[in-house]
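Values in this text are rule-based calculations from the coordinates and carry no lab data. Keep in mind that this is a model prediction, so the values were computed, not measured. Cβ: placed from backbone, ideal geometry, glycine included. Neighbour counts: every protein chain shown.
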Amino acid sequence: MNFLQFLATLKVTPTEAQELVCRVAFDHEPIPENELAREVFGAAREVPPDARKVIAILAGARSGKTYLAALRLLHLALYAPLVGLAPGELAAGLIVAPDLRLARQCLRYASGAVESHPALKKRVQTSGADGFTLKRSDGHMVSIECIAATRGGSALRGRSLFGAVLDEACFFRSGDSYEINCGEIYRAVAPRVMTGGQLIVASTPFVASGVLIELYEANHGAPRAALNGCGTHRTRRENSTQCRSAAARLASLTRRQSRWRSTTTDRWCCRPGHRHSRAWISP
């Protein structure tokens, strides 16, 4: 069952732009030649197979990126190939967000989908605030769990992952130091995603640096190490004339960052309350 078919069983209807991302990023369909595809994927026309192992999504608030990522992780939990697991090993899908509150919100999207579907609900073996386990149709047990980015990459090692979601990755920072740690987390997670699995890195633009921005700049319009999708006005469910595309917001952040770097350092870029912090936030 592909991802769009899975959404249909959950009675979820994506927007036009969301459907495009689902077809290309999750169901491995070719990029169509139309205006919307150019807005979302840039000049890209072909996607190398390895590029779909990492999906980088840069989109604004209320674009549905967290919801779709959670449902994709649930889809992978049920249908991703689980090859090479040791006897008794539990494959996992991880949700990492800036704090546990946001991570649990993404988890609730997945658990809510399970609870709303009688056949899936019967597959639940255990359930708690920070995760749940399912028994697949092939007999394998899998889990979906959430964790805060403040715990760092060491908390993510030693797992076999069918998928992972790094949600709001531009906001990741370590503990009370306010130092960006999305690179550490990305390097801990990416090698542990199994063949046939997927790593989704998504965020609203906040700072013009970090793993997601690096993936965007290296792959948008010419995917090699990742497939990049950029949110547009049509990604949103509301027709707001005030919203800007994620690309425009990133450009604004980059301009502000270049003016600001001469007086401060990257260490402070996410520190709440710092007198320069507003320079990193698009109005």
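Partner lysines whose Cα lies under 21 Å from the Cα of LYS135, excluding those fewer than 8 positions away in the same chain, are identified as LYS121, LYS122. Sorting PHE171, PHE41 from the fewest to the most surrounding beta carbons within 10 angstrom yields PHE171, PHE41. Can you list the lysines whose alpha carbon sits under 23 Å from that of LYS53, skipping same-chain ones fewer than 8 residues off? The qualifying lysines are LYS65. A dipole drawn for the stretch 3-243 from +1 and -1 charges on Cβ atoms has a positive end, and of GLN198, SER63, THR126 the residue lying farthest that way is THR126.
Net charge dipole, the stretch 3-243: roughly 620 debye, given to the nearest 20, about the Cα centre with Cβ charges of +1 for Lys and Arg and -1 for Asp and Glu.
For the stretch 3-243, the square roots of the Cα gyration tensor eigenvalues, ordered a ≥ b ≥ c, give a/c below 1.5, which places it in the rounded category.
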